[in-house]
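Scroll down for the structure; my scribbles are underneath it.
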Amino acid sequence: MAFPLIRHVRAFVVRGGGADYHDQGEGHWIDDHIATPMSRYPEYRQSRQSFGINVLGTLVVEIEAMDGTIGFAVTTGGEPAAYIVEKHLARFLEGRAPNEIEKIWDQMYFSTQYYGRKGLVVNAISGVDLALWDLMGKLRGEPVHHLLGGAVRDELTFYATGARPDLAKSLGFIGGKMPLHHGPAEGEEGMRKNIEELATMRDRVGEDFWLMFDCWMSLDLNYATRLAHKAHEYGLKWIEEALSPDDYWGYRDLKANAPKGMLVTTGEHEATRWGFRMLLEMDCCDIIQPDVGWCGGMTELIKISALADARGVMVIPHGSSVYSYHFVVTRHNSPFAEFLMMAPKADKVVPMFQPLLMREPVPVNGRLKVPDTPGFGVTLNPDVPLHRPYTH
């Protein structure tokens, strides 16, 4: 089957929600005294926005084929990532066949390796790669999960991330992951408050509902180990991203010293098969959590998942809505998925990337059938203004 060649690549930015889900209004639970690496500074402790977590905004990548078909995807990166897409990456797509996905990824990654490898550059590559998968699905008239080999289950099962696991249980989720609110700089009082919050939630949800802590890279090894052992009394299922993503040695030791039966998870801020190879070969965790919009896109997530599968490690992607749903439904080593509760009070189910995407599916009673519409099955909301800061 011959596909129309790629005519043009465009990169846009947008502010307020979307893929940059931290870019929320005042009073949202996602910005309420959550432990971070910056919590050691009192002036940046109350709000993550205070130290700039939302400065980049959302990146939207469009890839248009010669027949007018447009694939698109969203991730974070904002204007700096848009510059990289327009001024550097576009050359590896325009005039090429859209099914040359592996070659295009390889050229994007290795041409930027001298200033990229992780972070912002790989976010940009991820956005382009996901838009390419969306385009291919639309050109073939198939959902992306068909292109990935087809579903291995009828529906997805979800746990919820948010400030109210007790409400998540009432909404049908299998577990609730809470933000850790106090880090090492807040001393023993902060530790006590963390455990008290866990104990309160355990009383509310009962014994069988999963409870987890999302530590967002905020702890040191000693604190994380102590927290894990104190939390074990209340049946904490896992401790997530406790340390800096570069501290492979710390994760190795945390996993070795965690209470028996408690899982150590990480990888949200890791990128590419090489980064995850370190986590896996050093036995750093029980679950890896790549974000398909940050780790290198769908093309790279396939490779990362294969490495994990060979080692018996689960792959539970971080957030990323439809972009991860299409992947999770096709993999046995991804038995459930994450849903980010983006309602300000974490009290109802709303689309993760609102208001940017239309037809974005959400779980009902904690479950979801992945749509069979072509590509990723979503469209851009025409009422959300996009800005194209650069052209080529």
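The values are calculated or read from the model by the stated rules, or taken from the named source; none is laboratory data. It should be emphasised that the depicted structure is a prediction, and the values quoted were computed from it without experimental measurement. FYI the Cβ positions are ideal-geometry reconstructions off the backbone, even for glycines, and counts take in every protein chain you see.
If only one of G68, G78, G95, G52 is farther than 30 Å from E197 by Cβ, free of Cβ contacts under 8 Å to residues at least 24 places away in the same chain and out of contact with any helix residue (DSSP H, G or I) (no Cβ under 7 Å at 6 or more places or on another chain), which one is it?
The conditions single out G68.
So for the stretch 292-310 (the condition being more than 30 Å from F72 (Cα to Cα) and modelled with pLDDT of 95 or more), does at least one residue qualify?
Yes - at least one qualifying residue is present in the stretch 292-310.
Being modelled with pLDDT of 95 or more, closer than 21 Å to W133 by Cβ and not hydroxyl-bearing (S, T, Y) is true for just one of F327, F336. Which residue is that?
Selected residue: F327, the only one of F327, F336 that is modelled with pLDDT of 95 or more, closer than 21 Å to W133 by Cβ and not hydroxyl-bearing (S, T, Y).
Need pairs with beta-carbon distance below 7 Å; first residue more than 15 Å from S324 (Cβ to Cβ) and surrounded by fewer than 13 Cβ atoms within 10 Å (Cβ to Cβ) and within the stretch 144-155, second polar (S, T, N, Q) and at pLDDT 95 or above; sequence gap 6+ or separate chains.
From the stretch 144-155, the pairs are G149/T330; G150/T330.
Is there any pair linking a residue in the stretch 360-387 that is under 17 Å from S320 (Cβ atoms) to one that is among the small types (G, A, S) and surrounded by 16 or more Cβ atoms within 10 Å (Cβ to Cβ), with Cβ under 6 Å and at least six apart or on different chains, and which?
These pairs meet every condition: P371/G377; G375/G137.
Mind checking which pairs have a first residue in the stretch 179-205 that is in the same structural domain as A163 (by TED's automatic domain parsing) and closer than 15 Å to P37 by Cβ and a second that is of a type in the set (D, E) and outside any helix (DSSP H, G or I), Cβ under 7 Å, 6 or more apart or different chains?
The qualifying pairs are P179/D214; L180/D214; P184/D220.
Does I239 satisfy the criteria of being closer than 27 Å to L198 by Cα and either in contact with a Cys (Cβ under 8 Å, 6 or more places away or on another chain) or assigned to a strand (DSSP E or B) (or both)?
When the stated conditions are applied, I239 passes them.
Looking at V152, V122, which is the one that is among the β-branched types (V, I, T) and either assigned by TED's automatic domain parsing to the domain that holds E62 or outside any loop (DSSP other than H, G, I, E, B) (or both)?
V122
So, in the stretch 227-236, of the ones that are in a loop (DSSP other than H, G, I, E, B) and of a type outside the set (A, V, I, L, M, F, W, C), which residue ends up farthest from P290 (Cα to Cα)?
E233
Any idea which of (1) out of contact with any Cys (no Cβ under 8 Å at 6 or more places or on another chain); (2) over 28 Å from R140 (Cβ atoms) is the one V313 doesn't satisfy?
Failed condition: (1).
For the stretch 351-383: of the residues being of a type in the set (S, T, N, Q) and within 26 Å of G176 (Cα to Cα), which is farthest from the chain's Cα centre (by Cα)?
N365
In the stretch 249-286, which residues are in a loop (DSSP other than H, G, I, E, B), within 16 Å of R311 (Cβ to Cβ), out of contact with any Pro (no Cβ under 6 Å at 6 or more places or on another chain) and among the charged types (D, E, K, R)?
Result: D283, D286.
Of these, T69, T76, which one is under 17 Å from W133 (Cβ atoms), assigned by TED's automatic domain parsing to the domain that holds D134 and of a type in the set (S, T, Y)?
Sole residue among the options that is under 17 Å from W133 (Cβ atoms), assigned by TED's automatic domain parsing to the domain that holds D134 and of a type in the set (S, T, Y): T69.
Considering only residues that are in contact with a His (Cβ under 8 Å, 6 or more places away or on another chain) and buried (at least 24 other Cβ atoms within 10 Å of the Cβ), look in the stretch 326-337 and name the one that is nearest to D372 (Cα to Cα).
Filtering first and then ranking leaves H326.
Quick one: count up the residues across the stretch 206-226 that are outside any helix (DSSP H, G or I), among the charged types (D, E, K, R) and either farther than 23 Å from A337 by Cβ or touching a residue at least 40 places away in the same chain (Cβ under 8 Å) (or both).
Residues in the stretch 206-226 being outside any helix (DSSP H, G or I), among the charged types (D, E, K, R) and either farther than 23 Å from A337 by Cβ or touching a residue at least 40 places away in the same chain (Cβ under 8 Å) (or both): 3 in total.
Looking at T200, T161 in this structure, which one is more than 26 Å from the chain's Cα centre (by Cα), modelled with pLDDT of 95 or more and of a type in the set (S, T, Y)?
The conditions single out T200.
Among the residues in the stretch 175-194, are any basic (K, R), in a helix (DSSP H, G or I) and in contact with a Gly (Cβ under 7 Å, 6 or more places away or on another chain)?
So far as the stretch 175-194 goes, no, none of its residues is basic (K, R), in a helix (DSSP H, G or I) and in contact with a Gly (Cβ under 7 Å, 6 or more places away or on another chain).
Results for (1) charged (D, E, K, R); (2) at pLDDT below 95; (3) surrounded by 18 or more Cβ atoms within 10 Å (Cβ to Cβ); (4) closer than 26 Å to F3 by Cα, shown as yes or no for each residue.
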| residue | (1), (2), (3), (4) |
| --- | --- |
| D32 | yes, no, no, no |
| T36 | no, no, yes, no |
| V55 | no, no, no, no |
| A97 | no, no, no, yes |
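So, in the stretch 224-271, of the ones that are closer than 19 Å to I53 by Cβ and among the polar types (S, T, N, Q), which residue ends up surrounded by the most Cβ atoms within 10 Å (Cβ to Cβ)?
T266
Every residue, every condition in (1) buried (at least 17 other Cβ atoms within 10 Å of the Cβ); (2) aliphatic (A, V, I, L, M); (3) under 24 Å from H269 (Cα atoms), yes or no:
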site: S170; (1), (2), (3): no, no, no
site: L180; (1), (2), (3): yes, yes, yes
site: A185; (1), (2), (3): no, yes, yes
site: E188; (1), (2), (3): no, no, no
site: L198; (1), (2), (3): yes, yes, no
site: G206; (1), (2), (3): no, no, no
